[in-house]
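The values are calculated or read from the model by the stated rules, or taken from the named source; none is laboratory data. Quick caveat, the model's predicted, so the values are computed rather than measured. Positions of Cβ are generated from backbone atoms using ideal geometry, with glycine treated the same way; all protein chains shown enter the neighbour counts. For the accessible areas, the whole protein counts, side chains as well, though only heavy atoms, and no ligand, DNA or RNA atoms are used. Shrake-Rupley method; radii C 1.70, N 1.55, O 1.52, S 1.80 Å.
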Amino acid sequence: MVDAPRQAVTKAVLTVAGLGTRFLPATKATPKEMLPVVDKPAIQYIVEEAVAAGLTDVLFVTGRNKTSLEDHFDRAWELESVLEAKDDEGRLGLVRSAGLGADIHYTRQGDPKGLGHAVLCAERHVGQVPFAVFLGDDLIDPRDPLLATMLDVQARHGGSVVALLQVPREQAHLYGCAAVESTDEEDVVRVTDLVEKPEPADAPSDLAIIGRYVLAPEIFDVLRDTGPGRGGEIQLTDALRTLARSEDHGPVHGVVFRGRRYDTGDKLEYLKAVVRLAVQRDDLGPEFGPWLREFVASMEQEGPVSR
Ligand code: G1P
């Protein structure tokens, strides 16, 4: 019997309900996902990444204080009419570009019961098809596409796919960590077990889960039966572990990512993302790059300077 062709993934779930406590005080009244990376909110890069990978249906799982995020992906009539009156096509394009190509929906998480619970909140919208999950803190450099590879692996093998990054073992406690077996494809592994935020000694490998997933819809049933795990929260990692160890729900594969990824919820990583993305911009790089070089040279000569 010939297998029916697998359905193309079109739905993206973006979890953005977190409080952003690592980025206070900026995140007291502003969602962390709305902090600008150069001149675009971090979350707009993620929506653009989803659209670039062919995902046209975006569901945000939000929480309290996320109104400005919803406004950002809505039309801004007043702003548009002012810019129209000035014939400012350039800026009009920028105002209208947020969320272009995606049909955007929202649902609220309500209780902050963890990432697994946030994903479960998407069940009614997603239905019984595979879907992608994007974590709002993780920015993948647009020059290093990751999702297309993950979708391709899911289309060929079915089941679920996680994104993995090699990290120093002493950082394992910050991530979900995977036990893996190699496959005959480079940078594609079979996940055999997962542990959420292990102590370095208990980490099954140095491969950490980063914030991109392509999930089989069976994850919803498993999540419903998954009790609180690390930190008392319902962990997506724990539900994926159940899938990885079960015979019935299709495999879990990992795609090992070797590109640039920034945790924009972390102040230092956020600064690196801004600098890296700014230097390669045509409108900023030609001035910013040489200034940066000079600045670094002056730091080397004099120690840290204040301007
Ligand atoms: C979440 C996941 C974790 C994953 C990480 C990637 O943790 O629970 O498995 O490795 O995202 O950024 P969080 O960073 O939300 O604590």
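Distance between the 7 Å Cα→Cβ label points at SER81 and HIS125: 3.0 nm.
Our summary gives the range 25-86 a relative contact order of 34 percent, counting only alpha carbon pairs under 8 angstrom and 6 or more residues apart. Got a number for carbon plus sulfur as a percent of the range 226-307's accessible area, 1.4 Å probe? C and S atoms contribute 50 percent here.
Within the shell of other residues whose beta carbon sits under 13 angstrom from the beta carbon of PHE288, the net charge comes to -2, with Lys and Arg scored +1 and Asp and Glu -1. Taking every C-alpha pair closer than 8 Å and separated by at least 6 residues, the mean separation divided by the residue count of the chain gives a relative contact order of 20 percent.
Packing around the peptides 106-112, 53-59, 87-93, taken as the average count of other Cβ atoms within 10 Å per residue, puts them in this order, highest first: 53-59, 106-112, 87-93. Under 5 Å from the amide H of LEU14 lie the amide H atoms of LEU59, PHE60, VAL61, PHE134, each residue being 5 or more positions distant or on a separate chain, with H modelled from the backbone and absent for Pro and chain starts.
Each residue of the range 83-91 was assigned a 3J(HN,Hα) from its phi angle through the Karplus expression (A = 6.51, B = -1.76, C = 1.60, θ = phi - 60°), giving 5, 4, 4, 8, 6, 8, 4, x, 5 Hz with x at Gly and Pro. Rounded to the nearest 5, the antiparallel percentage of DSSP beta bridges internal to the chain is 55%. Packing around the peptides 252-258, 234-240, taken as the average count of other Cβ atoms within 10 Å per residue, puts them in this order, highest first: 234-240, 252-258. Backbone geometry of the range 235-252 corresponds, through the Karplus equation with coefficients 6.51, -1.76 and 1.60 at θ = phi - 60°, to 3J(HN,Hα) couplings of 9, 4, 4, 5, 5, 5, 4, 4, 4, 5, 8, 9, 7, 8, 9, x, x, 10 Hz, x marking Gly and Pro. Across the range 188-307, the relative contact order, built from alpha-carbon pairs under 8 Å that are at least six residues apart, equals 25 percent. Straight-line cross-link partners of LYS113 among the lysines, defined as a Cα under 19 Å from its Cα and at least 8 positions apart when in the same chain: LYS32, LYS66, LYS197.
Roll a 1.4 Å probe over the protein chains and send me the accessible area per residue for the chain in Å².
53
Computed 3J(HN,Hα) for the range 141-152, one whole-Hz value per residue from the Karplus formula 6.51 cos²θ - 1.76 cosθ + 1.60 where θ = phi - 60°, is 4, x, 7, 10, x, 10, 5, 4, 5, 5, 5, 5, glycine and proline marked x.
Counting protein heavy atoms only, the range 57-107 has 50 percent of its accessible area on carbon and sulfur, 1.4 angstrom probe.
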